[in-house]
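Asker: Would you mind keeping the following structure in view while I ask a few things?
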Amino acid sequence: MENSNFFAIEKELKLDEGYQKTYKNVDELLPTLPRSKGWWLDQLLQYQGFWLSTYGIRGSMLIDDHFNPRPTDLIVATSPKCGTTWLRALVFSIINRNSFDFSDHPLRKANPRDLVHFLEAHIPCRFVYICRDPKDVLVSKWHFANKLRPKGVPPLSLEEAFDLFSKGVSHYGPFWDHVLGYWKASLESPKKVLCLKYEDVKKEPLGCVRKVANFLGVPFTPEEENKEIVEEIVKLCSFEHMSSQDVNKSDTRSQEKPISNSDFFRKGEAGDWVNHLSPQMSEILDQITEQKFQGTGFSFH
């Protein structure tokens, strides 16, 4: 569910008898969970092997107890700062390519997170998943976390962020376990789970868009190829185009919407980590990645 209306929805859910048991279970569970320093002011709690905020745990338990996926449901899944906004835009544009004209497309007026609803879930329906080089993920998460820290609160240092990330303590982390879960699921159920790499989408966007369309069962027709619809989608969803839209330049925050649209756009590049991480940091992350992915058939290179 989307952050901007979560508080209003939650107020309604708490009044529903069917949900009260889940909220009670959440309240009883939270004090018993291991805790760690968070990336902004919140603490992270370890739940089912992953580090989540209280909001994330509550959402996960509500979904486990009450969400019944339909065969036609599609979940856009990522670890934070791996290309979530980009993937949402691509999937929305592919599925709805016959519903909107590119000159007056909803993505010109709305942020992708307002068009594709947000679910923190591990449920048995179709998934399109995207992951990214952990070194770029660390740098992006570090910048993002400091945008969200309140005024007057010292910024999170890169050294602190590196220490947390390398220990697996980050939202929905350990990062490597998150990736491996979806990778293994894609091998076991290739018709249910599609795994993409951020770097591949950057390098071959046309091929990746076609791959997603084929997975979703809506391949591009010869006529659409002749009309360069794939190229139009790639252009519409590009970082340059989306970040230039007025709706995505907004830096307005509120209690109901604590993260502004502009917070989701920084550089949109692959390999920016070289401008921030020391050789030692890079080597340590490479070692963790090699150890975690050894024998799995997965690699970022």
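Asker: If I ask for residues that are in contact with a Ser or Thr (Cβ under 7 Å, 6 or more places away or on another chain) and on the phi > 0 side of the Ramachandran plot, which ones from the stretch 145-193 would you list?
Answerer: Tyr172
Residue-by-condition table, conditions (1) more than 14 Å from the chain's Cα centre (by Cα); (2) of a type outside the set (D, E, K, R):
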| residue | (1), (2) |
| --- | --- |
| Cys125 | yes, yes |
| Pro134 | no, yes |
| Arg149 | yes, no |
| Val153 | yes, yes |
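Asker: Please verify whether the stretch 263-277 includes one or more residues that are closer than 27 Å to Trp142 by Cβ, assigned to a loop (DSSP other than H, G, I, E, B) and modelled with pLDDT of 90 or more.
Answerer: First, the residues of the stretch 263-277 that are closer than 27 Å to Trp142 by Cβ: 263-277.
With the extra rule that they be assigned to a loop (DSSP other than H, G, I, E, B), the set shrinks to 265-271, 276-277.
From what is left, the residues that are modelled with pLDDT of 90 or more are 276-277.
Yes, there is a match, as at least one residue in the stretch 263-277 is closer than 27 Å to Trp142 by Cβ, assigned to a loop (DSSP other than H, G, I, E, B) and modelled with pLDDT of 90 or more.
Asker: Tell me which strands (runs of 3 or more DSSP E) are completely within the stretch 36-103 and hold 1 or more residues being closer than 23 Å to Cys195 by Cα, or say none if there are none.
Answerer: On the way: elements: 44-47, 50-52, 74-78.
Counting at least 1 such residues, we get 50-52, 74-78.
Asker: Being more than 20 Å from His301 (Cα to Cα), in contact with a strand residue (DSSP E or B) (Cβ under 7 Å, 6 or more places away or on another chain) and not β-branched (Val, Ile, Thr), is that true of even one residue in the stretch 186-194?
Answerer: Within the stretch 186-194, the subset more than 20 Å from His301 (Cα to Cα) is 188-193.
Filter once more, so that each one left must be in contact with a strand residue (DSSP E or B) (Cβ under 7 Å, 6 or more places away or on another chain): 192-193.
Among the residues that remain, those that are also not β-branched (Val, Ile, Thr) are: 192.
The answer is yes, given that some residue of the stretch 186-194 is more than 20 Å from His301 (Cα to Cα), in contact with a strand residue (DSSP E or B) (Cβ under 7 Å, 6 or more places away or on another chain) and not β-branched (Val, Ile, Thr).
Asker: Is it true that Asp136 is modelled with pLDDT of 80 or more, of a type in the set (Asp, Glu) and either under 20 Å from Ser299 (Cα atoms) or surrounded by fewer than 16 Cβ atoms within 10 Å (Cβ to Cβ) (or both)?
Answerer: Spelling it out, Asp136 is indeed modelled with pLDDT of 80 or more, of a type in the set (Asp, Glu) and either under 20 Å from Ser299 (Cα atoms) or surrounded by fewer than 16 Cβ atoms within 10 Å (Cβ to Cβ) (or both).
The values are calculated or read from the model by the stated rules, or taken from the named source; none is laboratory data. Remember, predicted model here, so these are calculated numbers, not experimental data. Cβ atoms come from the backbone with ideal geometry, glycine included; neighbour counts cover every protein chain shown.
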